[in-house]
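Notes follow the structure.
The values are calculated or read from the model by the stated rules, or taken from the named source; none is laboratory data. These numbers were taken from a predicted model, which means no experiment stands behind them. Ideal geometry is used to build each Cβ from the backbone, glycine not excepted, and the neighbour counts take in all protein chains shown. We work out accessible area using only protein heavy atoms, side chains counted, and drop any ligands, DNA or RNA first. Shrake-Rupley method; radii C 1.70, N 1.55, O 1.52, S 1.80 Å.
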Amino acid sequence: MADKGVVGKGMRVLMRAVREEPGPFAIGVGGAVLHSIVTIGSSYVLGKIVARIAVPAIEQGRVSFGAMVLAVAAVLAVSALKVAGMIARRLGAGAMQFRLQASYRRQVTRRYLRLPLSWHQKHSTGGLLSNANADVEAAWYPIAPFPFAVGTLVMLVVAAVALFATDWAMALVGLAVFPMVFTLNVIYSRRMSPRVTRVQELRADVSTIAHESFDGALVVKTMGRETEETERFAAKADELRDGLIRVGRIRGAFDPIIDSLPNIGTLAVLVVGTWRLSTHAATLEDVTSVVFLFTVLAFPIRAIGWVLGELPRSVVGWERVAKVLAATGDMEYGGESLAGRTGPAALEFEDVDYAYPDGSEVLHGVTLAVPAGKTVALVGPTGSGKSTIASLATRLVDPDSGKVRVDGRDVRDLDHGALARTIALVQQVPFVFDDTIRGNISLERDAVPGDDEVWAALRTAQAEGFVAKLDDGLDTEVGERGHSLSGGQRQRLTLARALAGGPRLLVLDDATSAVDPRVEAAILGALRESENPASVLVVAYRRATIALADEVVYLEHGKVVATGTHRELLENVPGYANLVTAYEREEAERAREGAFADSEEGVSA
Amino acid sequence: MTTVEAAVAAEQGSWHTFKRGLALSPELRSGLAGTLALAVVATAGRIVVPVAIQQGIDRGVVADGGPYPSVVATVALISLAVLTLTIAASYMMNVRLFTVSETALAGLRARAFRHVHDLSMLHQQSERRGTLTSRVTTDIDQISQFLQFGGIMLLISGGQVLIATVVMFTYSWQLALVVLVTFMPLIWIVRFLQRRLAAAYKKSRERVGTMLGGIAETVVGASVIRAYGVQERTEERLDGAIDGYRNAQFKALRRSVFSFSSGEITSGICLSGVVIVGVLLGVDRDISVGQFTAFLFLTTLFVQPVQMGTEILNDAQNAIAGWRRVLDVMDTEPDVADPGENGTDLAAGPVSVAFEGVHFAYPGGPEVLSAVNVDIPAQARIAVVGETGSGKTTFAKLLTRLMDPAQGDVKLSGVPLTGLRFASLRRRVVMVPQDGFLFDATVAENVRFARPEIGDAELYLAFTELGLADWVDGLPNGLDTAVGERGEALSVGERQLVALARAYVADPDLLVLDEATSAVDPATEVRLARALDAVTRGRTTVAIAHRLSTAEAADRVLVFDAGRIVQNGSHAELVAQADSVYAKLHASWVEQTRSN
């Protein structure tokens, strides 16, 4: 796919950069122009030194001290101005590039924080990470040489004027060479575009495989599949290698040609200049100056090539970033704040349907209620939609149809934050931030003003003991995803986080699965005796948990099969009875079997 | 300043790193002589024009009776021919360099990838998640970037400096000395500035790591951030990290600009010297006008690559640092290593297990297992119970040789684990961890991970045997249902079902389950336990469980408390020991499951 429009699109990205960071751009270009003009000037200075000082001195066999001082002063002044220009150019360009990167990283991550969970579910973690990092970087990659290139363009215009002022014949050589350099660069970047795009895709693939494989390292290890995984990775790495070599071939061909064009121009100038000399149309000084001009132009002219060469990558990166920025479907919030309400909250589901973004249906016509101050247990087989109900209750997702109400208000009418202040969700898989214990629990919420509240929450969640034993206590950094903690500790931390905010409704999504029965019993006991009782919606299998519930909602295949007390359901709903009495029946059955079979020879310590 | 000192140490190791890198990727040397020869030709192209200018001016322009346009034209034509030749040489050199370096680095990528998998579980987990990925991606990209751009440039620039020096000496040894002497101090200045620069780059890399971690949290923790309404706090933390990186980047740039400026100033001083000495020499008739002019060009030819060189050294710092990180991974000896050729295979048939005086502590931590002695006969069904943190999971990891004990021996069928070949060990011994990690593929592909050759029918049969056929039938696309990234399209319990099926088709002789069904509903769990019981009969199974139903069904129960096995016997025996750890656990379990 030869993208003919890549240069045009790239220019638009560059123009956006200029609009957004005009200050650093101006400094950068100013520096570049100064640098360019001084560079051109330097060729004239050298030309003059040769013609006015060196030639007469060599011919006459003597030199004036004044002339030498002048020459040295001129050379040093040129150097100083060049340095000044270069510093301004590079710092301007750097400031522009880094500010743009930072600004777009913020914008992209802000979108991540605003867009609904359903949007997140449709995008891979790796993709989102690279949008905020690699793609932002790629989009603003050409900014580094951009002011230089603009400066070079200015320099070319000045050089053309200077050339014509010096001698039209030699100027025509320049007129032939410089547009050719530009054209070649454009062709180059067009030829590169599809190849570079492909390489970027392959890089992403290689990274995805590596990330996934290392993430699942334990499975790879326990199954002894290291060799097969390496083959899978190596196959992609080889594809990437081939892609990079294809890019290399083009670069390898264009680079030396583009490099040589000004040199060829220099040779032409020498020929034309000698001819002009022989007809006395030009002086030796003119020829040396123009020749030197071509030499000094050879390098900066590459800057244009660098910008053009990076445009394909920049355009791809920008388009990916722009897609995130343009993503819509933000959750709309209402104006109700539920301010001033105290005591337990009530939750209702009315005829709620929900399907995953990929279309597979999860919930059908779910109606349930958690009355204020009551505890409702949500029971159902694996994969019946319990976690989805927890997500809907906390408005992580909105239903496709039907209503979710808190205190009689549609959750969609509540303002941003009202729901978080009212309801706390503890998920099945605990998520811990790379922060201190205190930070993880308080999250700097108004509802958690001090350490007392944090400790109280830890106590209720049965986490006080292990936190107190840590050397730095609440200040202990738990590391990325809390890797310094065990699964059970992470789960208790997330429980404490939920309790610390003093929620009016607590949603526990099988949140004690990694905690031993005794620990769980202690947590549940403490919850029950809390000073600020909350309504509770708890996803549970254990009968002790269910026993705490005032009511049980039994779910199968995304539908509410029955609602009632544990005893009612046990008597009337076979599916429910089957589920909750599984362990007892198992034991009874084993006891019957045991009566016939002798226990086998066991373990000897 | 300690950071600077560290950077100094790092810089001194650069050459060492480079040599180690070459030794690890011998492919990089293939055809090197040819590539270097082409590089010499390509570099010659740079010298063509100044020589042509000197020849043209001296013989064609200022020669007596001149100017002679035809002489100049001849010089130009010859130069053009040479230029064409050097372009061709450059092209061939580039292609060779790209091919060789990319081939070598693709090989290095694959080897580093494999090595990461060979590292012990502890080592893998001690690294940030993204870090290991960068070892086989961005770090290697930096090396390739450097070899192909900086590398070429450095090669050509080096050649150019060399040739320019030689040509300068042939024109005028006095002027050549002037150039060299003025450039001498630059070497020290640049070395000093490079050190400061290296420290700035290091800081910048640390900041980018923090920033990436922050971004990853906003994506991975999206639901928690929303549930707690802490978008603003997250934003602030993230903004701080993003700005921190931006500032670090800018600081590194400032230092790099200073280093470059020193080159430019030096070149100004150098040129002044050449003008003074050159004119004085000309006055004494030691050099001609053509020579003097050519020398001014030659000075530029010398200055440019030296300036480029300082610039490339910046890239080189980064690339070498990346290379060093890759090499450090490659140099890390896997502390839980495959004995390979020196090892033995596990004897056919059922597997027995013995722990003899086993102690274990995590690095820098207290002992988590102390003096564990236990014999598990072949074909036994063992349940391991105990409170959180009592050492159960550590026991399972030592049993499957994910870690090695600090002291003592673990033996399978009488053979120490450290002497068993991984090929044999991993095929016969399989552990199912609590976190049933799934790959972003279909259910079928995930189960096939354990045995790629099995067909669809056999796969379905495996689920049927485990009593999970109903569950598979209920999936939108049956076995071909995509499970999503990390299996997140399935519920946690469902992921565990797939992980269990995966372990089952692996057909191990010793199956270790680490709370492998903790998120599965009780009815399914009981059904699964029964099915597993039937299909694993005749094999050895060790199940870590916090649901005591598993313990009741086992032949033997091992009770862990504070890193020791405190009870060992059948459920009936242990529960009868009043006030024992197991009796309490069981009482609590009964209360949990029976209270109405």
From the option list B:A543, B:A551, single residue qualifying as in contact (Cβ under 8 Å) with a residue 12 or more places away in the chain, out of contact with any His (no Cβ under 6 Å at 6 or more places or on another chain) and among the small types (G, A, S) is B:A543
Exception for B:A503 within (1) open to solvent by less than 10 Å² (accessible area, probe 1.4 Å); (2) at the interface with another protein chain (Cβ under 10 Å from one of its Cβ atoms); (3) within 22 Å of A:K386 (Cβ to Cβ) falls at (3)
Against the conditions (1) of a type outside the set (K, R); (2) open to solvent by 20 Å² or more (accessible area, probe 1.4 Å); (3) closer than 23 Å to B:S272 by Cβ, where does B:Y201 fall short? Just the number, please.
(3)
Scan the range B:546-568 for residues that are at pLDDT 85 or above and either open to solvent by 10 Å² or more (accessible area, probe 1.4 Å) or at the interface with chain A (Cβ under 7 Å from one of its Cβ atoms) (or both) and report the count.
10
Which of the residues that make up the range B:48-62 are more than 16 Å from B:L301 (Cβ to Cβ) and open to solvent by 30 Å² or more (accessible area, probe 1.4 Å)?
B:D58, B:R59, B:V62
Could you please let me know if A:V429 is of a type in the set (A, V, I, L, M) and in a strand (DSSP E or B)?
no
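Of A:S391, A:S442, which residue is at pLDDT 90 or above and closer than 19 Å to A:S535 by Cα?
Numbers: A:S442 fails: closer than 19 Å to A:S535 by Cα.
Result: A:S391 is the single residue among A:S391, A:S442 that is at pLDDT 90 or above and closer than 19 Å to A:S535 by Cα.
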B:E264 is checked against (1) within 8 Å of another protein chain (Cβ to nearest Cβ); (2) under 54 Å from the mean Cα position of the chain (by Cα); (3) at pLDDT 85 or above; (4) more than 10 Å from A:A54 (Cβ to Cβ) and fails just one. What number does that condition carry?
(3)
For B:R325, only one of the following conditions fails: (1) at negative phi; (2) open to solvent by 10 Å² or more (accessible area, probe 1.4 Å); (3) not assigned by TED's automatic domain parsing to the domain that holds B:A112. What is its number?
(3)
Are any residues in the range B:300-332 farther than 20 Å from B:A252 by Cα and at the interface with another protein chain (Cβ under 10 Å from one of its Cβ atoms), and if so, which ones?
B:T300, B:L301, B:Q304
Residue that is least open to solvent (accessible area, probe 1.4 Å), among those in the range B:19-47 that are farther than 23 Å from A:N263 by Cβ and among the polar types (S, T, N, Q):
B:S25
The conditions are (1) open to solvent by less than 20 Å² (accessible area, probe 1.4 Å); (2) modelled with pLDDT under 90; (3) within 14 Å of chain B (Cβ to nearest Cβ), and A:I304 fails exactly one of them. Which is it?
(3)
Members of the range A:268-286 that are open to solvent by less than 10 Å² (accessible area, probe 1.4 Å), facing chain B (nearest Cβ under 7 Å) and among the aliphatic types (A, V, I, L, M):
A:L270
So if I check each of A:L244, A:L311, A:L270, A:L293, which one is touching a helix residue (DSSP H, G or I) at 6+ places or on another chain (Cβ under 8 Å), over 27 Å from A:G5 (Cβ atoms) and at pLDDT 85 or above?
A:L270
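Please state which one of B:T400, B:T393, B:T388, B:T418 is modelled with pLDDT of 90 or more, open to solvent by 20 Å² or more (accessible area, probe 1.4 Å), under 23 Å from B:R564 (Cα atoms) and β-branched (V, I, T).
Details: B:T400 fails: open to solvent by 20 Å² or more (accessible area, probe 1.4 Å); B:T393 fails: modelled with pLDDT of 90 or more; B:T388 fails: modelled with pLDDT of 90 or more.
The unique qualifying residue is B:T418.
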Please give the number of the condition B:G229 fails out of (1) in contact (Cβ under 8 Å) with a residue 60 or more places away in the chain; (2) not in a helix (DSSP H, G or I).
(1)
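I'd like the residue in the range A:219-258 that is within 15 Å of B:M93 (Cα to Cα), over 32 Å from the mean Cα position of the chain (by Cα) and not aromatic (F, W, Y) and, out of all such residues, is most open to solvent (accessible area, probe 1.4 Å). It would help to see each step written out before you state the result.
Residues of the range A:219-258 within 15 Å of B:M93 (Cα to Cα): A:245-257.
Next, from what is left, pick out any that are over 32 Å from the mean Cα position of the chain (by Cα): A:252-257.
After this cut, where a residue has to be not aromatic (F, W, Y) as well, the list is A:252-253, A:255-257.
Values: A:G252: 0, A:A253: 30, A:D255: 37, A:P256: 10, A:I257: 74 Å².
Applying the filter and picking the extreme gives A:I257.
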Would you check if B:S70 is in a helix (DSSP H, G or I) and buried (at least 21 other Cβ atoms within 10 Å of the Cβ)?
no
For the range A:463-493, which residues satisfy the criterion of being crowded, with 18+ Cβ neighbours inside 10 Å, more than 10 Å from chain B (Cβ to nearest Cβ) and at positive phi?
A:G482
Does B:V95 qualify as being in contact (Cβ under 8 Å) with a residue 12 or more places away in the chain and in the same structural domain as B:S30 (by TED's automatic domain parsing)?
no
Taking the range B:32-60 on its own, how many of its residues are more than 14 Å from chain A (Cβ to nearest Cβ) and modelled with pLDDT under 85?
3
Which count do you get for residues in the range A:384-420 that are outside any helix (DSSP H, G or I), among the β-branched types (V, I, T) and either open to solvent by 40 Å² or more (accessible area, probe 1.4 Å) or closer than 28 Å to B:V520 by Cβ (or both)?
3
Checked the range A:121-139 for anything open to solvent by 20 Å² or more (accessible area, probe 1.4 Å) and within 7 Å of chain B (Cβ to nearest Cβ); matches are A:S124, A:T125, A:L129, A:N133
When you scan the range B:519-545, how many residues do you find that are touching a Ser or Thr at 6+ places or on another chain (Cβ under 8 Å) and open to solvent by 10 Å² or more (accessible area, probe 1.4 Å)?
6
I'm trying to understand the selection: among the residues of the range B:537-588, which are of a type outside the set (G, A, S), assigned to a loop (DSSP other than H, G, I, E, B) and out of contact with any helix residue (DSSP H, G or I) (no Cβ under 8 Å at 6 or more places or on another chain)?
B:R537, B:R539, B:D555, B:D579
Find the helices (runs of 4 or more DSSP H) located wholly in the range B:469-535 whose residues include 2 or more that are in contact with a strand residue (DSSP E or B) (Cβ under 6 Å, 6 or more places away or on another chain), and list them.
B:492-505
Do you know which residues across the range B:78-96 are at the interface with chain A (Cβ under 7 Å from one of its Cβ atoms) and either farther than 23 Å from B:Q148 by Cβ or open to solvent by less than 60 Å² (accessible area, probe 1.4 Å) (or both)?
B:S79, B:L80, B:L83, B:I87, B:S90, B:N94, B:V95
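Of these, B:A444, B:A469, which one is more than 8 Å from chain A (Cβ to nearest Cβ), without any contact (Cβ under 8 Å) to a residue 60 or more places away in the chain, farther than 30 Å from B:V372 by Cα and in contact with an Asp or Glu (Cβ under 9 Å, 6 or more places away or on another chain)? Even if it seems obvious, please write down each step before you answer.
Numbers: B:A469 fails: in contact with an Asp or Glu (Cβ under 9 Å, 6 or more places away or on another chain).
After applying the criteria, what remains is B:A444.
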